[in-house]
Amino acid sequence: MTQPLYIISSCAISPQLSYDSEHFLAPPVSTDSGKMYVGDVDYHRYISPVAIRRMSRMLKIGITAGMRCLEKAGVKTPLAIITGTSRGSVTDMEVFMKDMITLEEEALNPSGFIQSTYNSVNGWLALMAQCKGYNQAFVHRGFSFELAVFDAMLTLAETDSDAYILCGSFDELTEDYYKIRDKAGFFKRLTPPNLALLAHYDTPGSIAGEGAAFFTVSNNSTGASCAILDVEMIHQADWTKVKNAIDDLLIKNGLVAADIDILLSGMNGDSRNAFIVEPLLAALPVQTSIVVFKHLCGEYATASSFGIWLAHSIFNLGKIPPAALYRSGTSTNIRNMLFFNVTISNNVSVMLLRACV
Amino acid sequence: MAEKVVITATGLISCIGSGKESHLNAFRERQSGVHYARHLRSKHIKTLLLGEVDRSNDELAVALGLPAGDNGYTRTSLLSMTAVGELLSGVDIALLKNERFAFINANTVGGMGKMEQLYIDLISDHTAPEVLKYIPTFDCSQSTEVTARHFGLEPFMATISTACSSSASALMMGARMIKQGIVRRAVCGGCDALSAFTVNGFYSLKNVDKSLSRPFDQNRNGLNIGEAAGYCLLESEAAAKERGAYVIAEFTGYANTNDAYHSTAPAPDGSGAHATMAKALAMAGLAPGEVAYINAHGTATQNNDLAEGRAIERLFGGKVPFSSTKPFTGHTLAAAGVIEAIFSLWAMEEGLIIPNLNFETRMEELAVSPATILLENQTLNHVLSNSFGFGGSNVSLVFSKP
C-alpha cells in the first residue's frame, strides 16, 4: 500500500490521563489489581442527557473519543467512519445474555441487544457527525484496529480530493470478561503492578486493559505531525515471519535498520511471545530507542490504537515521556518509528510511521 | 484504469439447502425453507418460524470430515466451512494456496449459539475443563480463522460486522482490494447461525412475525430469523481469464453509505437507501432503467420496507421488478447480503425474476409493489442487491452480465 495516512488529530480515553490532559503520562496511573479501567470523562460534552442515561459505558467512551477527535481536527463531517473492536459493548452483551437466562426468554429489554451490535458506536458517530459516507466496522480480534487503518488507506487511495476519515477502535473490560479470558490463560497468576509489567516477562499472561482511541486521518499532510506509511498483519507469528515483514517494510520505504529512531513496542509481558520479542530487541541497532505502552493501558485486543495515540503524541510534542521509555538509543531524532504489537495469541502487527516535516 | 472484478464461483447453505439447484427449485415451487426449528435451543422454537438449516451440528461436522460431538466447533464455523467447501469444490484450491488472496468474512454474534449455553458455567468458579476450548468462539473472527485453517489456507483475513449489511460489505471490501491490486482473488461472504440471543433480540424489539414474513405488504408484521453462510470467489478479470474460468458476472458497482438519521431506524423517506442505490448505479455507469431486477433487503419490518419501498419507487419509478427473497430463507443477518447477492447472480444467469412470497396488499404509502410471480426466460443484463442494517449501515451491490 502506498497511501500514507496523515494523522491530523488523535484522542484516547484510556486508563491513563490521556483525554485532554496537560500531563502527558506524568505521573502515570498505576494499579496493583491487574485490571486497568478507563476513568470516566465528561460525556456531556457531546451526548445529550437523555441519550446518556440510556447509553452503556462503551458507547459513551467510543462516541466521546470519536467526536473529540474530530473536533480537535476541526473536521465536522468526515468522508468515512471506520472502526475496529474485538468485542464491542461487552456490558450490553452480558446484560442481555443474563436477562435472557434469568428471565427465561420473557419480557426482555432490547437495549442491551441493540447496543451490543458491533457497529452501534459507528451508527451514533455517523449520526452526530452527519457522516453519510462509507461506514465500516471490523471485528477481527487483535487485528481489528489494524484492519480499520488498512481500510482507511484503501478509502483514501480511492479519492482524488483532500479527505478526512475518522478511524479508531474501542474495547471494554468487564468482570465477566476478565474471568472468562483468565481461564483461557490471558492474565498472569500473580499480577504485578502495571508499571512493573515488563519486568515480569518470565511468566505467561499479561494484565487486562481497555480503552478507545480515535484518529482523524487524511491524504493531506497539512496540520499532521506524522503519517502511518504501512501496516502489516502476521497471523500466528514467529520471529522469521516478523523479521521478514519488518525487512520488507524498510526496503519498501527506502530505509535501513539504523534509520529507525524509535521502536514503539506492544510487548505485553507474556513469556509465550518472548521467542519473538527477544530476537526483535536483540536485532535493534544502538541508534534505536525502545518505547513501550502495555504497562500503561493493559492488554486488550485493540491496545495497538493506544500505542498509535502514544506515537502521535510523541511526534506532536517532539519528546518521549519517561514513563514510556524502555531503553534509550543514540539517535536524538524523532523521525522514523517502527510500531510492533503482539497479542496474547501471538498475532503480530507492524506499522511504519514517519514524522512530517 | 482499475481492474475489473468478476465473480467466478459461489457456495452457500441456507434453510433451503445447499447449491444452486435446490434453491432454484424452491423459487420455482414457491417453497419456503422457513419452519419450526429442530436444532436451536430456545423457548421460542415452538412459536416462531425460523430459517434453520436442516442439519444438526454433528451432520455438518461429519460431512466436513470432522469428529461429531464435543469437537470445539460452533455451528457458526460449521456453516462457514460448509459454504466455503462448496465454493472450493468448483475451484482448484492451488489457486488460493500458491498466491496470497483475501478472505473477507462477516458475522454478527460469533459463536453465540454455543456461548449462551456455556455462559453461566464460564463465569462460575468451577468451569468444566471441556468447556474452555470454546472461549475463543465468542469472537466473530473465530469462524474466519477456523475456516481458513480447515482448508489449509493462509489468506489476508478480515471479519466485518455492520449488522445486516455485513456480508455485502465483505463483498465490497474484496472487490476494492482487487481493484487496488493488493490481491487478485478474494473469497468474500458471511455466516451467522441461529442463537437464542439473536432470536430474543429481535423478538424483544417486536420485529418478529409469528407467521411467514410478508415483505412490502401493507399488513407486514416483521421478519422470520434465519441462519446461513455464503461466499463468492471474486477475481480480477485478468486472473480469471488467465485460468480460463467461467465468469458468472462482473461486479460493476457497489456503495456503502450511512443514513446518519437514527441509531437503529432508517430515514422513513428512504433518502438513505436511495443514496446508496444511486451511488452504486453511478459507479456501474448505469441508468436506473437498465437494471432488470432488484433483490430488495425487504425484511418485512415496518421501518425497512417503508424506507426501502419509497427509495425504490423514487429511483426506479415502478419500472424495475423487485422482490425480497427473505420469505424463502428468513433473514439470515450477516449472511443475508451475500446469499441474496448469489440469488441475484443466479437470477441473471438463468433469466429469472424471483417472486416475493406472501404478498397480498400494496402498502398504502407506495405506488409500487413487488414481483409476486416467477418469471422465466427474461433477459437480465444488470441486477441490484440491497442490504441495510442497524446503525444506518446501507450497502447496494450491482452485478452485470459478463
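Since every read-out is calculated from the coordinates, none of them should be taken as a lab result. Nothing here was measured: the structure is a model prediction, and the numbers come from that model. Neighbour counts run over all protein chains shown; Cβ positions are idealised from the backbone, glycine included.
A compact table of results
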read-out	value
Value of relative contact order over region A:192-349, rounded to a whole percent, pairs C-alpha under 8 Å and six or more apart	37
FRET efficiency for residue A:162 and residue B:375, using Cβ-Cβ distance with R0 set to 45 Å, rounded to 0.05	0.40
Three-way shape call for region A:211-268 based on the alpha-carbon gyration tensor, with the a/c threshold at 1.5	oblate
Built amide H within the under 5 Å cut-off of residue A:226, gap 5+	A:7, A:356
Sorted by Cβ neighbour density within 10 Å, fewest at the top, the residues A:141, B:149, B:55	B:149, B:55, A:141
Using θ = phi - 60° and Karplus 6.51 cos²θ - 1.76 cosθ + 1.60, couplings along region B:317-323 (whole Hz; Gly, Pro as x)	x, x, 8, 10, x, 9, 7
Label-to-label distance, nm, for residues given as residue A:330 and residue A:283 (7 Å Cα→Cβ offset)	2.1
Highest-MSF residue in chain A out of A:315, A:96, A:340 [GNM, Cα springs under 10 Å]	A:96
Amide H partners (placed H, <5 Å) of residue A:326, local residues excluded	A:290, A:291, A:292
Over region B:5-242, relative contact order from alpha-carbon pairs under 8 Å, at least 6 apart, %	30
Three-way shape call for region B:1-132 based on the alpha-carbon gyration tensor, with the a/c threshold at 1.5	oblate
Cβ neighbours within 10 Å from other chains - mean over B:189-196	1
Separation in nanometres of the label points that stand 7 Å from Cα toward Cβ, at residue A:102 and residue B:282	5.1
Neighbour-count ranking [beta-carbon atoms within 10 angstrom, fewest first] of A:42, B:192	A:42, B:192
Computed [θ] at 222 nm, deg cm²/dmol, the protein assembly as shown (DSSP H ≥ 4; -39,500 (n - 2.57); rounded to nearest 500)	-9500 deg cm²/dmol
Cut-off under 5 Å, modelled amide H: who pairs with residue B:36 long-range	B:50
Karplus-derived 3J(HN,Hα), 6.51/-1.76/1.60, for each residue of region B:209-223, Hz, glycine and proline x	8, 6, 9, 5, 5, 10, x, 6, 8, 3, 9, 4, 9, x, 9
Length added when fully stretched, residue B:265-residue B:365, from 0.36 nm per residue minus Cα-Cα	34.2 nm
Other protein chain Cβ atoms within 10 Å, averaged over every residue that makes up B:113-120	3
Table column - 3J(HN,Hα) (Hz), region A:8-22, Karplus curve with 6.51, -1.76, 1.60, x for Gly and Pro	8, 8, 9, 8, 10, 10, 9, x, 8, 7, 9, 8, 6, 8, 7
Shape category assigned to region B:337-399 from the gyration tensor of Cα positions, a/c cut at 1.5	oblate
Net charge contributed by nearby residues that have their C-beta within less than 10 Å of residue B:230 (K/R +1, D/E -1)	-2
Residue with peak Gaussian network fluctuation, chain A [Cα springs, cutoff 10 Å], from A:49, A:193, A:285	A:49
Among the listed pairs A:76/A:132; A:179/A:243; A:179/A:294; B:279/B:319; B:20/B:210; B:4/B:241, those beyond 23 Å (Cα-Cα)	A:179/A:243; B:20/B:210
GNM result for chain B, Cα springs below 10 Å: residue of B:310, B:185, B:100 fluctuating most strongly	B:100
